[in-house]
Amino acid sequence: MFGFEDMLHSEFTDTTFKVMFLSIVFIFGICIGSFLNVVILRLPRHESLIKRSSHCMTCGTKIRPIDLIPVLSWILLRGKCHACGEKISVRYPIVESLNGLLYILTFIVLDINAKAIITCVLMSLLIVIAFMDWDTQEIDLIIVGLILLLAVPAAIFTDDVELKHRIIGALAISVPFFIIGEVSRPIIRKKFEEDFRAIELGDTLLMFASGALLGTKAIIVSALIGILTAAVGGVISKIATKDSKFAFGPYLSIGIAAGMLWGSRIADWYVNLLTYKPE
């Protein structure tokens, strides 16, 4: 529904059109990525996202319009503030580029349709969740709520996930996560004298919202990918910091992004593999 009949996937579509379209998508993506940097920085501090102009975090100087060009300005400034010379974090161009590249990947995988547009919005929200959780070990519920809201246009403008599977998907992972969190909380409190869950409530709500958007099969695949990447990341984090506690949100975000693009196909492939009977 609401698409252009596999324009990017068609061998009859002009290559020049594909290159121009994806280039525009990338430019748009890095511009949105520039705003995501503002959200990631200001939302945890409860600062306005629009009232105050962008400024150097060290000297407070207002950033010139010419220095606000995504990715390019950071390169031209050599990663330093034009006023005080303080280093500007490489995270800024990374977030911008990542958002642009994910937009391109989304359209390459899904083609030009409503699901691709919805997925691009999801990718941006997942970037915010991943970096904010990495910084603060908290997942902002406003962003989670926006992911849940995406399930509405997805249900209206796409037809790849039935309503019942959106409902089941919302519960399939979030309920087990909630149970694990509740059971682990008193155990952790008794053993470590700290009040936190093995799986925090923010992670649970993220999977609830994402499950409503992705559906049953894709959210299960998302959870598996998230858990596997978290296992690897957790080991690395413990070796580096000697701390067992780490942010789960970035890894779940990776899983959700992969699940949105390939989750149903991976699930179908796995089921076919299990049920395959050689003649």
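The values are calculated or read from the model by the stated rules, or taken from the named source; none is laboratory data. This one's a predicted model, so the numbers in the text were calculated from it and none came from an experiment. As a convention, Cβ positions derive from the backbone with ideal geometry for all residues, glycine included, and neighbour counts pool all protein chains shown.
What to note about this one:
- Pairs meeting the criteria (first residue in segment 231-258 and at pLDDT below 90, second residue charged (D, E, K, R), beta carbons under 9 Å, at least 6 apart or on different chains) are S237/D243; S237/K245; S244/K238; K245/E194; F246/K238.
- Looking only at segment 80-104, residues that are under 14 Å from M57 (Cα atoms) and polar (S, T, N, Q) come to 1 in all.
- Where helices (runs of 4 or more DSSP H) fall wholly inside segment 142-254, the ranges with 1 or more residues that are more than 20 Å from the chain's Cα centre (by Cα) are 163-172, 174-192, 216-241.
- Candidate set from segment 107-141 (those that are of a type in the set (A, V, I, L, M) and not in a helix (DSSP H, G or I)); member that is nearest to I32 (Cα to Cα): I112
For (1) in the same structural domain as T204 (by TED's automatic domain parsing); (2) not aromatic (F, W, Y), each residue gets a yes or a no:
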{"site": "L125", "(1), (2)": "no, yes"}
{"site": "I129", "(1), (2)": "no, yes"}
{"site": "G145", "(1), (2)": "yes, yes"}
{"site": "F157", "(1), (2)": "yes, no"}
{"site": "L163", "(1), (2)": "yes, yes"}
{"site": "I168", "(1), (2)": "yes, yes"}
{"site": "A172", "(1), (2)": "yes, yes"}
{"site": "I180", "(1), (2)": "yes, yes"}
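- Yes/no for I32 being crowded, with 18+ Cβ neighbours inside 10 Å, within 23 Å of the chain's Cα centre (by Cα), among the hydrophobic types (A, V, I, L, M, F, W, C) and within 28 Å of F157 (Cα to Cα): yes
- Beta carbons closer than 6 Å, at least 6 apart along the sequence or on distinct chains, pair a first residue in segment 64-91 that is aliphatic (A, V, I, L, M) with a second that is outside any loop (DSSP other than H, G, I, E, B) for V71/I30; V71/P93; V71/E96; V71/S97.
- Condition met for R42 (in contact with a Leu (Cβ under 8 Å, 6 or more places away or on another chain), of a type in the set (D, E, K, R) and surrounded by 13 or more Cβ atoms within 10 Å (Cβ to Cβ)): yes
- When S89, S53, S73 are checked against the criterion of being loosely packed, with under 15 Cβ neighbours inside 10 Å and more than 22 Å from the chain's Cα centre (by Cα), a single residue qualifies: S53.
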